[in-house]
Structures are given as structure tokens and as C-alpha cells.
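K.L.:
The following block contains the structure, expressed as C-alpha cells.
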Amino acid sequence: MWVRCLIGLVFLVSAVSKVSGRRSFTEFAEAVGVLAPVPGARRLLAPAVVALEFAVAVLLALPVPIAFRVGAWLATALLLAFALGVALAVRRGAETACRCFGRSTSRIKGWQAVRNLALACLLYT
């Protein structure tokens, strides 16, 4: 139960911090464009990430077993995608802040990929 709360809280704080102000979301979208250099990343991927983070927080909070399973799978998929994105960005030498939690300014680092993998593993302990 504590894992459900921890992961749900991480996703909720992450999503809220990205939409807490227009500047926060704009900076996050710009970082997404650098981290995922594909057409439409800023316009499509950034809002999708925030929506999916909110969905994970809600699904993990619901006292319904199927909601937890769906939320856990969604959280796992996102965390693995985030870990891969971070690892590829670090390998490319991307120079951007992570913006994992909105206006955070720490530069993207490999340990953030490890953090995401660790959180994904926690869901299945």
C-alpha cells in the first residue's frame, strides 16, 4: 500500500508542478523538445505526458483492484520510457534541465534514469 501511495504521489507532484504556471509548462515542453527530438514533441508529447501522469495518480488512488493494475502498468510504461529518454539524452550529450518536476533546473543526468527504473521496480515488490 505504501508503494501505491509513494508512486501516486510522485506522479501527482510531477504533473502538478508542470502545470502550476504557464511558464512551468512552457519550460517543460521546451525540455521535452530537446530530450525527445522528434517532430511534434513539444506540441503533442508534453501535454500527453502531463495527462498520463495525472491518470497514474488517479488510478493508483482508486480503491479498485483493476484501477491499481492499470495504473501500475501505466506507471511502469511511463517510468521505462522516461528512463530510456533520459539515457538516450545523456548519451547524445543533451544540454537541458530535466524539468521532471516542473521548474527544476538540474541538468539531465544518468542517475535520473536509474531513479526511474528503481521506481518502476518498487511497483512490483
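The values are calculated or read from the model by the stated rules, or taken from the named source; none is laboratory data. Because the structure is predicted, anything quoted here is derived from the model rather than measured. Cβ atoms come from the backbone with ideal geometry, glycine included; neighbour counts cover every protein chain shown. What goes into the accessible areas is simple: the full protein's heavy atoms, side chains included, and nothing from ligands, DNA or RNA. Shrake-Rupley method; radii C 1.70, N 1.55, O 1.52, S 1.80 Å.
K.L.:
Determine which member of the set THR76, THR105, THR125, THR96 is in contact with a strand residue (DSSP E or B) (Cβ under 6 Å, 6 or more places away or on another chain) and either surrounded by fewer than 19 Cβ atoms within 10 Å (Cβ to Cβ) or among the hydroxyl-bearing types (Ser, Thr, Tyr) (or both).
P.N.:
Numbers: THR76 fails: in contact with a strand residue (DSSP E or B) (Cβ under 6 Å, 6 or more places away or on another chain); THR125 fails: in contact with a strand residue (DSSP E or B) (Cβ under 6 Å, 6 or more places away or on another chain); THR96 fails: in contact with a strand residue (DSSP E or B) (Cβ under 6 Å, 6 or more places away or on another chain).
So the residue among THR76, THR105, THR125, THR96 that is in contact with a strand residue (DSSP E or B) (Cβ under 6 Å, 6 or more places away or on another chain) and either surrounded by fewer than 19 Cβ atoms within 10 Å (Cβ to Cβ) or among the hydroxyl-bearing types (Ser, Thr, Tyr) (or both) is THR105.
K.L.:
If you don't mind, there's one more thing I want to ask. Within the set of pairs 6 or more residues apart or between chains, which connect a residue that is in contact (Cβ under 8 Å) with a residue 24 or more places away in the chain and surrounded by 14 or more Cβ atoms within 10 Å (Cβ to Cβ) inside the range 1-27 to a residue that is among the polar types (S, T, N, Q) and outside any helix (DSSP H, G or I) with Cβ atoms less than 7 Å apart?
P.N.:
VAL3/THR125
K.L.:
Further question on the same structure: List every residue pair whose Cβ atoms lie under 6 Å apart, where the two residues are 6 or more positions apart in sequence or sit on different chains, the first residue falls within the range 51-73 and is touching a residue at least 24 places away in the same chain (Cβ under 8 Å) and open to solvent by less than 70 Å² (accessible area, probe 1.4 Å), and the second residue, located anywhere, is part of a helix (DSSP H, G or I) and hydroxyl-bearing (Ser, Thr, Tyr).
P.N.:
Hits for this filter: GLU53/SER14.
K.L.:
Another question about this same structure. Looking at the range 31-50 only, could you name the residues that are within 23 Å of SER106 (Cα to Cα) and either hydroxyl-bearing (Ser, Thr, Tyr) or open to solvent by less than 60 Å² (accessible area, probe 1.4 Å) (or both)?
P.N.:
ALA31, VAL32, GLY33, VAL34, LEU35, ALA36, ALA41, ALA46, PRO47, ALA48, VAL49, VAL50 - these are the residues of the range 31-50 that are within 23 Å of SER106 (Cα to Cα) and either hydroxyl-bearing (Ser, Thr, Tyr) or open to solvent by less than 60 Å² (accessible area, probe 1.4 Å) (or both).
K.L.:
Here is a check on your reading of the model: is VAL19 of a type in the set (A, V, I, L, M), within 15 Å of the chain's Cα centre (by Cα) and closer than 15 Å to ASN116 by Cα?
P.N.:
no
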